[in-house]
Amino acid sequence: MSPMRHFIPFMAALLIGTPALAEPLHGIAMHGSPALPPDYKHFSYVNPDVKKGGKVAYGVVGTFDSLNPFVLKSMRTTARGLWDPIFGHLVYEPLMTRSSDEPFTLYGLLAESVEWDEDRSFIQFNLDPNAKWSDGEPVTADDVIFSFELLRDKGRIPFSNRLTPVEKMEKIGEHGVRFTFNDKADREFPLILATATPILPKHAIDPATFDQSTLKSPVGSGPYRVKSVSPGERIVYERNPDYWGKDIPSKVGFDNYEQVTVEYFLQENTLFEAFKKGEIDIYLEGSPTHWARAYDFPAVQNGDVVKDAFKPQLPTGMLGFVFNTRRPIFADVNVRAGLSLAFDFEWANRNLFEDAYTRTESFWQNSPLSSLGKPADEREIKILGTTRDRIEPAVLDGTYRLPRTDGSGADRKVLRESVELLKKGGYTIKNGRMSDASGRPLTFEVMTQTQDQEKLAITYQRTLKMIGIDMSIRTVDDAQYQARSGNFDYDVIVKSYPSSLSPGIEQMGRWGSSSRDKDGSFNFAGVADPDLDRLIEAMLTARSKEDFEATVRAYDRMLISGHYLVPLYHIAEQWVARRKHIGYPEALPLYGYQLNTWWDKRAQ
């Protein structure tokens, strides 16, 4: 064949605007290439030879009245396990699955391969022809298109917004679906499409009633089926012996129990008592005092219960008292900075938490993405531009640290610094009260949800009182907490900002201007800052690993300098207590333990 015969079809494709054909890929990464080759056999952090069988019982606090986790009516009351990042996606599956041993890399699941171009202007998912629903029907390209359209029309956020950056969604051949993007898409978005949207069966769902709560057992493509339901109390899953994906590389070593039960409890202490009695097999611990003091019951002493500490290679994230800057009293950064200094972490850590915690000083502490201890390099300075002038000098040159108190709960030196900052913000102590120039006292309320949060708030309250600030505390029930936090009806709230090694579009929901006035968003601090918006955009469009990491560090410096919260603490370990018959793989991935790779040693 002559070279010209190759050239003419190629030119014709360019003229009609068809994307150049891409090589099918077994996996895709946010930055760089997947670590595993196309012929990989399984993930490194599973036991590929595990004997499947047995059972496990998990426990959660809450309730449920629906088996549809994708609609607004059951957002906070749906059954755990159907679509679940902790217990595993037992019933519904996405197109691709994430490796927990890489920052942000996806491998084939329902889609056995993908195609995209260098600019990520489109992505095409090529479905595994062997993929089937639990009723035996094949998973088709029409199911994929149906799922995205149904969730757009009837689903809750974020599922309802998933197609906003999509210009065109089309079926390609028998097994392909191509998404072509508009100018609202960023470089992360194709990966979000691939892993964060469930694929639903068109033949088994009535769109007219999809937005209603239901207890009807769903048809899914996942490894389990719903066996029984006791609304608000228990849901039991059984492994599907005909699960289509049990032998594909990304599922080898997963889904090892014959039966998975999720038990619901109204309170955390009731759940723990059930664990002590053997009704629950795994207890995920989050309290250092509880971890240190509560495990003195017989099952621990005789070895029936085992305590494990895992150390993932994750950034710390941030927990803190968050200032609602929609309130005028928190509009000035000096006021926020002064209030932040007044919290005596050393006293609280020693007296409340047995010195188990480490102070958190960066949103990505303990990772290459953190600015802590690192002076801004030329790459960062270029990314920041004139924004560098808004960053505190110590934060910019890497010398920033929160002051360490003497642990007395009344460190005069630190409190003096706090008062000086408040003075810059327009407040001085008059007649024993911190007041502005008009005599209005600086007072605010902290809304708490749990006993531990209330203890922290009392500690903070006591120190603030020493400098004339009257801080009140209101502890509310779960329903009121969700309602008030959802419409930003608070002065200060305790919130956690988890961090990953691949931060992306979720940052817009936490700190972006577009989310400030959107009820139900995670912009708890009420931030609307064009400079933060620009850095988020730079983060989402970075092409190289070096540019990405530098952008996140610059962004970290901006958040630190904004003093939007009182930084609290973190624990470097993950704590889990388990019955001795529950086993897990030796290899620990980057992101820590993965419950859906564990197993029942009693399986025969």
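All of the numbers you see were taken from the coordinates with simple rules; none came from a lab. Note that the coordinates shown come from a computational prediction; the quantities given were computed from them, not determined experimentally. Using ideal geometry, Cβ is built from the backbone for each residue, glycine included, and neighbour counts are taken over all protein chains shown.
Given R0 = 35 Å, the distance between the Cβ atoms of V61 and H203 translates into a calculated FRET efficiency of 0.45. For the charge dipole of the chain, defined by +1 on Lys and Arg C-beta atoms and -1 on Asp and Glu C-beta atoms about the Cα centroid, which residue among L540, T358, N256 has the Cα displaced farthest towards the positive pole? Ranked along the dipole, the leading option is T358. Entry note, the chain: relative contact order of 20 percent, from Cα contacts under 8 Å with a spacing of 6+ residues.
Taking the average, over residues, of other Cβ atoms within 10 Å as the packing measure, peptides 459-465, 435-441, 381-387 rank 459-465, 381-387, 435-441 from highest down. Our helix-only sum for the chain, with -39,500 (n - 2.57) per DSSP H run of n ≥ 4 divided by its residues, gives a mean residue ellipticity at 222 nm of -7500 deg cm²/dmol.
Measure out, as a whole number of angstrom, how far apart the alpha-carbon centroids of the stretch 311-377 and the stretch 279-294 sit. The stretch 311-377 and the stretch 279-294 have Cα centres spaced 25 Å from each other. The slack between A410 and S438, meaning 0.36 nm per residue of separation minus the straight C-alpha distance, is 7.3 nm. Place +1 on the Cβ of every Lys and Arg and -1 on the Cβ of every Asp and Glu in the chain, take the dipole about the Cα centre, and give the residue among N68, V395, P201 whose Cα lies farthest towards its positive end. Positive-most Cα among the choices belongs to V395. The calculated FRET efficiency for the pair E445 and E174, based on their C-beta separation and a Förster distance of 56 Å, comes to about 0.40. Each part reduced to its alpha carbon centroid, the stretch 104-140 and the stretch 541-592 end up 29 Å apart. At full extension, Q259 and A196 could sit 20.2 nm farther apart than now, given 0.36 nm per residue minus the alpha carbon distance.
What residues of the stretch 43-57 lie in the reach of a label at H581, counting those whose backbone N is under 20 Å from a point 7 Å from the Cα along Cα→Cβ? Counting backbone N atoms under 20 Å from the label point, the list is 50-57. The calculated FRET efficiency for F297 paired with Q480, based on their beta-carbon distance and R0 = 41 Å, is about 0.75. Can you flag which of K311/K545; K495/K518; K41/K276; K216/K246; K184/K382 are past 28 Å Cα-Cα? The pairs that break the limit, which is 28 Å between Cα atoms, are K41/K276.
Full extension of the chain segment joining L402 with D247 gains 50.7 nm, where the gain is 0.36 nm per residue of separation less the Cα-Cα distance. Taking the Cα centre of the chain as origin and assigning +1 to Lys and Arg Cβ atoms and -1 to Asp and Glu Cβ atoms, the resulting dipole is close to 1220 debye.
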